[in-house]
Amino acid sequence: FESTERTCNQTILSLSKIVSESIVNLLNTEDIVKKLQDSPDNKLALWEQMKIMIFTRICVLVYALSILNVTLRVQLNIIGGYLYRDSVREEEPMIDSDLQAKYLSLCHHFVGPGVEDLKNQIEKAVKRVVEPISLKKKITLQEVEQVFWSIQT
């Protein structure tokens, strides 16, 4: 069990960096900042894009890293349980390396195209909730919290 947990923690740590970098690349605010620094005529539209992008990035990071953590822990503990069971029994193994690889490929898919799919879904919800909020409106912490709850539902 402890060995599985160590493996889990190491895998989550390395994959979370990949997922985070992917999200930052998908929701790159630097381009908008550069455009804003050039004092364009469409500043308001750029700020609106930035608002949507920032809320989307925060939500995608929270959801993606949570999904990654839970999925990997469950998958690795199930595989670890089968491997332990196979090691103490003299019967034919219940899980071979090919099946293990197929099982873990689900998580591999999430780290790749799955993150972008998640981003697209969350971005729709963020736009629905955040677009109506004026950039000029000062909002309280409670209102920001309410925005995140509204995005979730």
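Quick look at the values:
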| quantity | calculated |
| --- | --- |
| Trypsin sites (Lys or Arg not before Pro), loop per DSSP, at most 14 other Cβ atoms within 10 Å - longest free stretch of the chain | 1-88 |
| Helix-derived mean residue ellipticity, 222 nm - over the chain, DSSP H n ≥ 4, -39500 (n - 2.57), to 500 | -27000 deg cm²/dmol |
| Full-stretch length increase - Arg128, Ile58 - with 0.36 nm per residue and alpha-carbon distance subtracted | 23.6 nm |
| Volume in Å³ per residue [convex hull over Cα atoms, computed for segment 2-152] | 131 Å³ |
| Contact order relative to length of segment 2-152, as percent, for alpha carbon pairs under 8 angstrom and 6 or more apart | 32 percent |
| Cβ-placed point charges (K, R +1; D, E -1), dipole of segment 2-152 about Cα centre in debye, nearest 20 | 860 debye |
| Convex hull of segment 37-81 built on C-alpha atoms - directionally averaged projected area, nm² | 4.0 nm² |
| Built amide H within the under 5 Å cut-off of Ile133, gap 5+ | none |
| Selection from Asn120, Leu46, Phe110, by position along the positive dipole direction of the chain (Cβ) | Leu46 |
| Segment 48-92 and segment 93-153: distance between their alpha carbon centers, rounded to Å | 13 Å |
| Local net charge near Asn25, Cβ-Cβ under 12 Å (Lys/Arg +1, Asp/Glu -1) | -2 |
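Laboratory data are not the source of any read-out in this text; all were calculated from the coordinates shown. Here the structure is a predicted model, which is why all the values come from computation and not from measurement. Heads up, the Cβs are rebuilt from the backbone with ideal geometry, glycines too, and the neighbour counts pull from every protein chain shown.
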